[in-house]
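Below: the structure, in structure tokens.
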Amino acid sequence: MYADRVLSGMRPTGNLHLGHYHGVLKNWINLQHEYECLFFVADWHALTTHYDSPGDIEDNVWQMTIDWLAAGVDPSRATLFIQSRVLEHAELHLLLSMMTPLGWLERVPTYKDQQEKLTEKDLSTYGFLGYPLLMSSDILIYRANRVPVGEDQLPHVEFTREIARRFNHMYGKEPGYEEKAEAAVKKLGGKKAKLYQELRTRYQQKGDEAALESAKAMLGETQNLSLGDKERLYGYLEGGGKMILTEPQALLTEASKMPGLDGQKMSKSYGNTISLREDPDNVVKKIRTMPTDPARVRRTDPGTPEKCPVWQFHLVYSSAETRAWVQQGCVSAGIGCIECKQPVIEAVLKELAPIQERARALTDDPDTVRNIIADGCEKARELARETMRDVREAMGLHFG
Ligand code: TRP
Ligand code: SF4
């Protein structure tokens, strides 16, 4: 069995582009060789912001699944599924909502940011506030301990860790555990007992890892405790009791080096993308008309590659030799911009050709895609059911 379990999700945005490929998908494809991986389409998450226009979601789910597979996500290595097809996520979300402090949700940075940014939408909804908790449920239900995400999602993983800790603390206790631990704290003696409680609170309420380390160090040096009490106090620091839910670690996905056609981040909303299924003629057209260093007005004007978005593409696609040719040719006006773009055009076309061929085959064979997802959902459900059995029992719902 694998030691680590990776889980990640993507909202169904429809057709993916080169930014997704170089940022997220290549990373997933590498991870599937090293870890047990679960990748899913977060269609409920799409509804938290697009609840008023659900019409596109289903098609987007299938198109995105095709892009994952075409890019090389391998269903024999990774479990692929759709969030809304595994109802257990919703049950866990509901049960966790009982013990989630409102303040924790209101303090998640994306909550206010997105509300302010997406002014055309009313995001003062219950569902949108619960976005991070739904994401926590996605992660915790598989006891995934590695979660590859971009920087923007780090606060959500941190939030998930806090929820897991709180849950284990609240429901993971053996009978009498708390009393025994409190008695052991008293045995530390006045000053040390007070420090222990302070450090414990700092760790449990704010996730302060340094406080946890100091408390452990202090226990290490303590002489007047029995082994049992010492163990109890170590456990009590981190919540104690049984670990019903696993605290996940974020695996930060490096920001893609792949910029958009205009040099900004590649994003549908900026209209600067090359989609994975972009028609080859369009690829040529889009790269040919890409802006270059504005200093190169005429062919004879020298330029600076660092001021040109085409150079960023060379950094992704070109060999050292080609890059040297660009540098030399650009600063001396030895080459023209159209000439400079040619190797980039060829490299992008070469990269896309096999992806597009696989996407075509999958589009012509929707049953295959549906079967892959149906199998994935079934596997995911089995794992989710195991966790839910423990969660229900811990929360006093023993109805069989
Ligand atoms: N919120 C993530 C995003 O917008 C998508 C997501 C939902 C996710 N649930 C997740 C990512 C669980 C990782 C793990 O990108
Ligand atoms: Fe950009 Fe190449 Fe033109 Fe220089 S020669 S400005 S790097 S496209």
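Each value in this text was obtained by applying a stated rule to the coordinates, not by laboratory testing. None of these values were measured; they are calculated from a predicted model. Glycine also receives a Cβ, built like all others from the backbone with ideal geometry; neighbour counts cover every protein chain displayed.
Between Leu252, Leu349, Ile335, the Cα set farthest toward the positive side of the dipole of region 250-400 (charges on each charged residue's Cβ, about the Cα centre) is that of Ile335. Please get the size of the charge dipole for the chain, origin at its Cα centre, with Cβ charges of +1 on Lys and Arg and -1 on Asp and Glu, quoted in debye to the nearest 20. Computed about the Cα centre, the dipole is about 1040 debye.
For region 277-363, the relative contact order is 33 percent, taking Cα pairs closer than 8 Å that sit 6 or more residues apart in sequence and dividing their mean separation by the residue count.
Residues Ser269, Ser53, Ser275, arranged from fewest to most other Cβ atoms within 10 angstrom of their Cβ, appear as Ser269, Ser53, Ser275.
Annotation: extensible slack from Glu254 through Thr13 equals 84.7 nm (criterion: 0.36 nm per residue apart, minus Cα-Cα distance). Computed FRET efficiency, Cβ-Cβ of Thr289 and Ala333, R0 22 Å: what is it to the nearest 0.05? My answer for the efficiency is 0.60. Dipole orientation for region 177-237: of the candidates Asn224, Gln205, Tyr177, Asn224 has the Cα lying most toward the positive pole (charges on Cβ; Lys, Arg +1; Asp, Glu -1).
One chain, two ends: Asn224 and Met170. Fully extended at 0.36 nm per residue, the span grows by 16.6 nm beyond their Cα-Cα distance.
Here the relative contact order of the chain, from alpha carbon pairs under 8 Å that lie six or more residues apart, stands at 22 percent. Cβ-Cβ distance of Asp152 and Glu178, R₀ of 35 Å, FRET efficiency by 1/(1 + (r/R0)^6): the value works out to about 0.40.
Angle check, please: helix 131-140 long axis (alpha carbons) against the longest principal axis of the chain (alpha carbons), in degrees 0 to 90, nearest 10. Between helix and principal axis, roughly 70 degrees. Reducing region 150-202 and region 230-288 to their Cα centroids gives an inter-centroid distance of 30 Å. Each of Met266, Ser214, Ala295 was scored by the projection of its Cα onto the charge dipole of region 176-323, and the greatest displacement toward the positive side belongs to Ala295; charges sit on the C-beta of Lys, Arg, Asp and Glu.
Under the simplified labelling scheme, the Asp364-Gln115 pair shows an inter-label distance of 5.1 nm, with each label point 7 Å from Cα along Cα→Cβ. Computed extension length for Glu357-Phe399: 10.0 nm, one decimal, from 0.36 nm per residue of separation with the Cα-Cα distance subtracted. If you run the Gaussian network model on the chain, springs between alpha carbon atoms under 10 Å, then out of Ala215, Ala380, Ala164 the most flexible one is Ala215.
Provide the net charge surrounding Arg107, with neighbours chosen by a C-beta distance below 13 Å and charges set as Lys +1, Arg +1, Asp -1, Glu -1. Charge balance near Arg107 sits at -2.
Quick check: the angle from helix 88-97's long axis to the longest principal axis of the chain, C-alpha only, nearest 10 degrees? Around 60 degrees separate the two axes.
For the chain, the longest principal axis of the Cα atoms and the long axis of helix 177-187 meet at an angle of about 80 degrees. Take the Cβ-Cβ distance between Lys350 and Leu87 as r, set R0 to 41 Å, and report the resulting FRET efficiency rounded to the nearest 0.05. For Lys350 and Leu87, the calculated efficiency is 0.45.
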